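Notes for the one structure printed next.
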Amino acid sequence: MTGKKQTLGEFIIEHQHAFKYSSGELSSLLNSIRLAAKVVNHEVNKAGLVDIIGAAGDTNIQGEDQQKLDVYANDKFIQTLTRRNIVCGIASEEEDSFISINSNDENHQNKYVVLIDPLDGSSNIDVNVSVGTIFSIYRRITPTGTPVELKDFLQKGSAQVAAGYIVYGTSTMIVYTTGDGVNGFTLNPAIGSFYLSHPNMEFPEDGTMYSVNEGNYLDFPLGVKKYIKYCQEEEGDRPYTSRYIGSLVSDFHRNMIKGGIYMYPKGSRNPNGKLRLLYECNPMAFIAEQANGKSSDGYTRTMDVEPTELHQRVPFICGSKNMVNQLEEFMQIHGE
Ligand code: P6P
C-alpha cells in the first residue's frame, strides 16, 4: 500500500510556485472548480433517481434541448466561479453571450476569464453513459472594467493559462494542466476529496484506438475516409479498435491513457465540424499537448486558430502524436 495520496488542494498549493502569474488567485480559481465539480457530481450520480432528467423546456444557442442537468451544471459552475473575486467574465456553451462578473471590486480588476462546457455529452445523461465538464482559463487582456468579448474571450488557445476537464464516469476525476504537465485526481466520494491518482499523464506516441462517428463517413473529406480505411486494414498492429462513446471527455480520457485518436471532421452537415473551438477544442488541445499528444484541424494546430466568435466550430483531431501525424498526412495528400 503506497503512502497517503496527495489531495488536489495540497497539490494546487505545492505547485502554485510553478505558475508564472500570481499564484494565489489561480489556486483559488482551481479550488472553485473543485467545489463545483463535487456539487455537480452529486447530482449526476443520482440523475436517474430524481426528477432532474428531461428537457428543461428551453433550448440553448446550439438549438439543442437543454437537459435539466445541463442547466444545473451551468448554474453551479457560474455561481461558484462568481463567488470569489478572481473571475471578471464567464462564457458557457449554455449561454448565448458571456456573463460579466460585476464583483464588489469597484475597479472590476478581476484578472481571469473562464470558458466552460458545463456538461459535455449531455445526450448521454438519460442513458447512464459518462458525461463531462470542460474548462478553459485565460488572463484578461483589458486592464479593468467590463470584459470585452473580442479582446478577453476571443484569445488563441495558445494563450490559455490553465485548462481541464471533469469526467463523471465509473469514478469522477479532475484532469487539468497549468502548462506544467497534466495530472489526474480521483474523487473519493466517501470523504469528498480528490486524490492524485494519475500523476504526469501522457498520451502514448502510438495507439490502436480511433474514435469517430462513422455514421458520418460518406460526409467526410477524402483524406479522413482514407485514414479510416487505413485503420481497418489488416497490417502490423492494424486493424485498430473503433471506440466512440459520444462523449468527448470520455473518449479523450481513454485515448490519453491507452493511446488513440479522436476525430470530429467537417462534413456537409457540419461544414466547420461540430465541436466548439473555445470551450471544447482549445482546452482539450492544451491538455493534449501538455501530455505529449497533438491537436489540429488536419492542417492548423488547434491552439493557433484565431477565434472569430464565441461559439465557433472547428474540425477537431486530437490524440497520440503519431496517429494525428498519420491522419494529417492523408488529409494533406488527398485533401477534401
Ligand atoms: P455526434 C457531445 O454532444 C459532443 O459535443 C462530444 O462530447 C461528442 O464527442 C460529440 O459531440 C458527439 O457528436 O454527432 O457523434 O453525436
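Restricting segment 166-195 to residues that are more than 21 Å from residue 112 (Cβ to Cβ) and assigned to a loop (DSSP other than H, G, I, E, B), the residue that is most open to solvent (accessible area, probe 1.4 Å) is 170. Scanning segment 124-148 for residues that are of a type in the set (S, T, N, Q) and crowded, with 23+ Cβ neighbours inside 10 Å turns up 133, 136. Of the strands (runs of 3 or more DSSP E) that lie entirely inside segment 248-336, those containing 2 or more residues that are more than 16 Å from the ligand (Cβ to nearest atom) and closer than 20 Å to residue 156 by Cα span 293-296. Condition check: surrounded by 15 or more Cβ atoms within 10 Å (Cβ to Cβ), outside the structural domain of residue 119 (by TED's automatic domain parsing), closer than 30 Å to residue 172 by Cβ and more than 15 Å from the ligand (Cβ to nearest atom). Does residue 225 satisfy that? For residue 225, the condition - surrounded by 15 or more Cβ atoms within 10 Å (Cβ to Cβ), outside the structural domain of residue 119 (by TED's automatic domain parsing), closer than 30 Å to residue 172 by Cβ and more than 15 Å from the ligand (Cβ to nearest atom) - is not met.
Could you please find all residues in segment 149-165 being in contact with a Lys or Arg (Cβ under 9 Å, 6 or more places away or on another chain) and surrounded by fewer than 19 Cβ atoms within 10 Å (Cβ to Cβ)? Passing the criteria: 151, 158, 159. Among strands (runs of 3 or more DSSP E) entirely within segment 60-162, having at least 2 residues that are at pLDDT 90 or above singles out 87-92, 112-120, 131-139. Between 255, 325, the distinction of being over 13 Å from the mean Cα position of the chain (by Cα) and crowded, with 23+ Cβ neighbours inside 10 Å belongs to 255 only. The combined condition, being among the β-branched types (Val, Ile, Thr) and either within 16 Å of the ligand (Cβ to nearest atom) or in contact (Cβ under 8 Å) with a residue 60 or more places away in the chain (or both), is not fulfilled by residue 148.
Looking at 317, 333, just one residue is crowded, with 23+ Cβ neighbours inside 10 Å, among the aliphatic types (A, V, I, L, M) and touching a helix residue (DSSP H, G or I) at 6+ places or on another chain (Cβ under 9 Å), and that residue is 317. Against the list (1) more than 13 Å from residue 320 (Cβ to Cβ); (2) in contact (Cβ under 8 Å) with a residue 12 or more places away in the chain; (3) within 16 Å of the ligand (Cβ to nearest atom), the condition residue 199 fails is (3). Output yes when any residue across segment 173-194 is of a type in the set (Phe, Trp, Tyr) and either within 16 Å of the ligand (Cβ to nearest atom) or at pLDDT below 95 (or both), and no when none is. Looking through segment 173-194, none of the residues is of a type in the set (Phe, Trp, Tyr) and either within 16 Å of the ligand (Cβ to nearest atom) or at pLDDT below 95 (or both).
The values are calculated or read from the model by the stated rules, or taken from the named source; none is laboratory data. Bear in mind the structure is a predicted one, so any value in this text is a computation, not a measurement. Using ideal geometry, Cβ is built from the backbone for each residue, glycine included, and neighbour counts are taken over all protein chains shown. When the accessible area is computed, the model is the full protein with side chains, heavy atoms only, and any ligands, DNA or RNA have been set aside. Shrake-Rupley method; radii C 1.70, N 1.55, O 1.52, S 1.80 Å.
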